[in-house]
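Participant: So that we are looking at the same thing, I have put the structure below in structure tokens.
The values are calculated or read from the model by the stated rules, or taken from the named source; none is laboratory data. Note that the structure is predicted; figures quoted are calculated from it, not measured. Virtual Cβ from ideal backbone geometry, glycine too; neighbours counted across all protein chains shown. Note: areas computed on protein heavy atoms with side chains; ligands, DNA, RNA excluded. Shrake-Rupley method; radii C 1.70, N 1.55, O 1.52, S 1.80 Å.
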Amino acid sequence: MAKLNIFIDGSWLFKACGKGSALSNRTEGAGPFRLDFERLCNALLAHAARANPNCTTIGERYLSTSILDIPADVEDWIDGTTIFDEDIQALRSSVHARDRFAQSALDANFDPSAIYRPKLRDWMLPKLRDRRFQEKLVDATVVALLVRSAIVNAGDYHVVLTGDADVLPAIRVAYPKYSENVFVATTHPDQLKSEARQSAFALHDFSSNVEPFYLDEHAAEFVDGDHVYTCSHCNKVFARSAPIPARARPCCSPCHNSRT
Ligand SMILES: [Zn+2]
């Protein structure tokens, strides 16, 4: 029996669930995508089992991300010239959202050891504001954990969830036999914005026996919610707290409103 080991670039996945992303556009209302990590693991396992029916259980679960630790005296840094109150407020809400995202992974039995909490330094704030702050530690961690797992558990399957072009060549170099049992889960290349086209190119160079798992195509399998449906008119995914009667065709709110 083979296991599926799961390695998530959490910083990428967090952004991939944001408003306006390929995943959010698959849902009714196109708000931030609410991801259920347990269902995501099961959807990935079902995908691996289609390639090899002996892959029946989930092994290691890692989510790597970096969540800044904001010092208590951060308000003292505000000088009105390089550091502004808005920077601190924006950072607080971003850290809060990332924290909740990481916690929901931990609640689904992900290993906490790859979640970094670096202390915020004042020089980081202008970079964060201009989106020039790079988190290379996360990419390197995902690659290292996956390659270690692939070497130790050579009979298992290993999936990397990423949209970062740098991760795939690194895996290919460190684990040349990757095509036998390593696969990628990402958003569909057609959905990528032009600045991210490089990832689609890297994916093309990463040919595996297991097809890539395109998250946006499987959104209904791992969106959070009690009763999840796919709209019979627009194909978007939506959740309801009460079930829709079995005889009725599922219809999302925007389609319902435009038809009545
Ligand atoms: Zn619809």
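Participant: Mind checking which residues of segment 216-234 are out of contact with any helix residue (DSSP H, G or I) (no Cβ under 7 Å at 6 or more places or on another chain) and not in a loop (DSSP other than H, G, I, E, B)? Spell out how you get there, then give the answer.
Facilitator: First, pick out the residues of segment 216-234 that are out of contact with any helix residue (DSSP H, G or I) (no Cβ under 7 Å at 6 or more places or on another chain): 217, 220, 223-227, 229, 232.
Across segment 216-234, the qualifying residues are Glu217, Ala220, Val223, His227, Tyr229.
Participant: May I ask you to list the residues in segment 247-260 that are open to solvent by 60 Å² or more (accessible area, probe 1.4 Å) and more than 9 Å from the ligand (Cβ to nearest atom)? So that I can check it myself, show each step before the final result.
Facilitator: Initially, segment 247-260 is screened for residues open to solvent by 60 Å² or more (accessible area, probe 1.4 Å), giving 247, 249, 254, 256-260.
Answer for segment 247-260, where residues must be open to solvent by 60 Å² or more (accessible area, probe 1.4 Å) and more than 9 Å from the ligand (Cβ to nearest atom): Arg247, Arg249, Asn257, Arg259, Thr260.
Participant: For segment 122-177, which residues satisfy the criterion of being under 17 Å from the mean Cα position of the chain (by Cα) and charged (D, E, K, R)? Before the answer, list the steps.
Facilitator: Residues of segment 122-177 under 17 Å from the mean Cα position of the chain (by Cα): 135-143, 145-146, 158-168.
Correct list: Glu135, Lys136, Asp139, Asp164, Asp166.
Participant: Can you find a residue in segment 235-246 that is at pLDDT below 95, within 16 Å of the ligand (Cβ to nearest atom), in a loop (DSSP other than H, G, I, E, B) and farther than 24 Å from Leu44 by Cβ?
Facilitator: Looking for residues that are at pLDDT below 95, within 16 Å of the ligand (Cβ to nearest atom), in a loop (DSSP other than H, G, I, E, B) and farther than 24 Å from Leu44 by Cβ, one finds at least one in segment 235-246, hence yes.
Participant: Evaluate segment 17-27: report whether one residue or more is modelled with pLDDT under 95, closer than 16 Å to Phe213 by Cα, assigned to a loop (DSSP other than H, G, I, E, B) and of a type in the set (Gly, Ala, Ser).
Facilitator: yes
Participant: Among the residues of segment 46-70, how many are open to solvent by less than 30 Å² (accessible area, probe 1.4 Å) and in a helix (DSSP H, G or I)?
Facilitator: Of the residues in that region, 2 qualify.
Participant: Where residues in segment 25-45 are touching a residue at least 24 places away in the same chain (Cβ under 8 Å) and among the hydrophobic types (A, V, I, L, M, F, W, C), which of them is farthest from Val159 (Cα to Cα)?
Facilitator: Phe33
Participant: Quick one: count up the residues across segment 10-20 that are surrounded by 22 or more Cβ atoms within 10 Å (Cβ to Cβ) and under 12 Å from Thr187 (Cβ atoms).
Facilitator: Adding up the residues that qualify gives 3.
Participant: Also, I was wondering about something else. Exactly one condition in (1) out of contact with any Lys or Arg (no Cβ under 8 Å at 6 or more places or on another chain); (2) among the hydroxyl-bearing types (Ser, Thr, Tyr); (3) within 13 Å of the ligand (Cβ to nearest atom); (4) open to solvent by less than 70 Å² (accessible area, probe 1.4 Å) is not met by Tyr229; state its number.
Facilitator: If we test Tyr229 against (1) out of contact with any Lys or Arg (no Cβ under 8 Å at 6 or more places or on another chain); (2) among the hydroxyl-bearing types (Ser, Thr, Tyr); (3) within 13 Å of the ligand (Cβ to nearest atom); (4) open to solvent by less than 70 Å² (accessible area, probe 1.4 Å), just (1) comes out false.
Participant: Exactly one of these conditions fails for Ala108: (1) touching a residue at least 40 places away in the same chain (Cβ under 8 Å); (2) over 16 Å from the mean Cα position of the chain (by Cα). Give me its number.
Facilitator: The number of the failed condition is (2).
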